[in-house]
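Single-structure report; data block below.
Derivation of every value follows stated rules applied to the coordinates shown; laboratory data play no part. Here the structure is a predicted model, which means the values were calculated and not measured. Quick reminder, even Gly has a Cβ in these numbers, built from the backbone with ideal geometry, and neighbours come from all protein chains shown.
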Amino acid sequence: MADIEAQDRIETAGADFFKDPQVYYRRWRERGPVLQVQFSQGMPAWVVIGYAEGRAVLADPRMHKNVAGIFEVVRRKDPTLKQDSQSLTLSGHMLNSDPPEHTRLRKMVNKAFTTRRVAALRPRIEEITAGLLDQMAEQDEVDLVAAFATPLPVTVICELLGVPFEDREDFQRWTKVLVGVGSGMEERTRCTAEMSQYLAELVQTKRSEPGDDLLSGLTHAREDGDQLSEEELIAMAFLLLIAGHETTVNLIASGTYALLRNESQFRALREDPAGVPAAVEEFLRFGSPVDWATVRYTTEPVLVGDTEIPAGEFIYVALAAANRDPARYHDPDNLDLTGDPSGHLAFGHGIHFCVGAPLARVEAEIAFTALLQRFPNLSLAPQTEPLQWHPSLLIRGLVTLPVRLRG
């Protein structure tokens, strides 16, 4: 059994971690599938990088996610940290909850993301995609993140939730601060307050002037006599707004980047667009748009693999590492659109499996099919500097992706 007390067993992650986390994962894998990691900012946490162990943790009811419990573990580990009520409100969504509360909250939104409901959105997603490609066609070179990968899912989630599209710059700015690392406490507190206020006002608008959108429906929905409280609505709006676009933004951008770096697979997919749905699954495995799953904590000692994790500890599953585990996938560090990416953990596993996965898949399928058809000679634009990635443990996304549309 692993020695859980030895401090020299804690791995450190340097400033270059976000440039290519896989470099760290390959080195850490020599230690085993479970280890302790510490960044220059923050407290040590247990990180699972093995596929089998990660999948087990994601479905283990002994790994808790209740937001009050998370804040209590933080308080015990560092009593000097201040926790404001607005952070607690924004964090109190279904992703940070345990049954039966999670079951109750998830039931409220499940109907909006069924395969059938998402399929009904396809014509509108295709229309938005075509419009963005029309705008791109007026130029020879664009930043694919800004011109396509971001506005497509942002437009879709804004229309689905009933969020004014003109507010996108604000909530995207707040998102980057709240899901990233390196931001100062003052900036995070300010963004938390601004986003909380914005969402509270939006919920009030939906209550007094409901529309034909998901947030209006949640505001007035009743399930078995139950209704979401004001704080629950704000937290749910926060989760759906952020998760509803960030994952797909990174899936489209990172998938395109991986494809353009592999000319033979680019040509094969361009010539056989029927392979796009399978390619999307490989993009999800190879370049997981979510790097680490959101935090869990233990309330009792739990054995993960051969490592006992004590009670009162934080634990993360590095989805991007698990999806490249050579014990699960053959030659995992190479993109293979003809391989078998089944069982990947890009959307999680267990009761917290991403509720928006069907929507993300449909958006990505439409995006890649249309992009390759419209710009069959798409290529990376020459760069004088390496591409930059967002400094975030939660999301794995490019800041920009300059491309030439006609080769």
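Tabulated data for the structure shown
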quantity	calculated
Most fluctuating residue given options 352, 93, 330, as computed from a GNM of the chain linking Cα atoms under 10 Å	330
Relative contact order (percent, whole number), the stretch 7-404, Cα cutoff 8 Å, 6+ residue spacing	25
Lysines whose Cα lies under 23 Å from that of residue 176, excluding same-chain neighbours fewer than 8 positions away	19, 65, 82
Residue-span extension gain [residue 340 to residue 271] - 0.36 nm each, minus C-alpha spacing	22.8 nm
Axial C-alpha extent at least 20 Å, average Kyte-Doolittle at least 0.5 - helices from the chain (DSSP)	230-260, 357-374
Potential lengthening between residue 380 and residue 166 on full extension [0.36 nm per residue; Cα-Cα distance subtracted]	74.1 nm
Under 17 Å from the residue 104 label point (7 Å along Cα→beta-carbon), backbone N, the stretch 180-213	none
Debye-sum result for the chain in log10 I(q)/I(0), which assumes one identical scatterer on each alpha carbon, at q = 0.08, 0.10, 0.12, 0.13 Å⁻¹	-0.43, -0.68, -1.01, -1.19
Sequence-separation-based contact order of the stretch 98-256, relative, with Cα cut under 8 Å and 6+ spacing, percent	27
Residue among 14, 275, 339 with the largest mean-square fluctuation in a Gaussian network model of the chain, springs linking Cα atoms under 10 Å	14
Pairwise FRET efficiency - residue 120 versus residue 373, Cβ, R0 = 30 Å, nearest 0.05	0.85
Hull volume in cubic angstrom per residue (convex hull over the Cα atoms of the stretch 213-352)	161
Rough spin-label spacing in nm, given labels placed 7 Å along Cα→Cβ, for residue 330 and residue 205	5.3
Inter-label distance, nm, simple model (7 Å from Cα along the C-beta direction), residue 188/residue 19	2.5
Within the chain, helix-based [θ] at 222 nm, where runs of 4 or more DSSP H residues each add -39,500 (n - 2.57), nearest 500	-14500 deg cm²/dmol
Choice from 108, 136, 185 showing the highest fluctuation, given a GNM over the chain with Cα pairs closer than 10 Å	185
Contour minus Cα-Cα distance for residue 76 and residue 303 (0.36 nm per residue)	79.5 nm
Amide H contacts under 5 Å for residue 401, placed H, 5+ residues apart	144, 145, 146
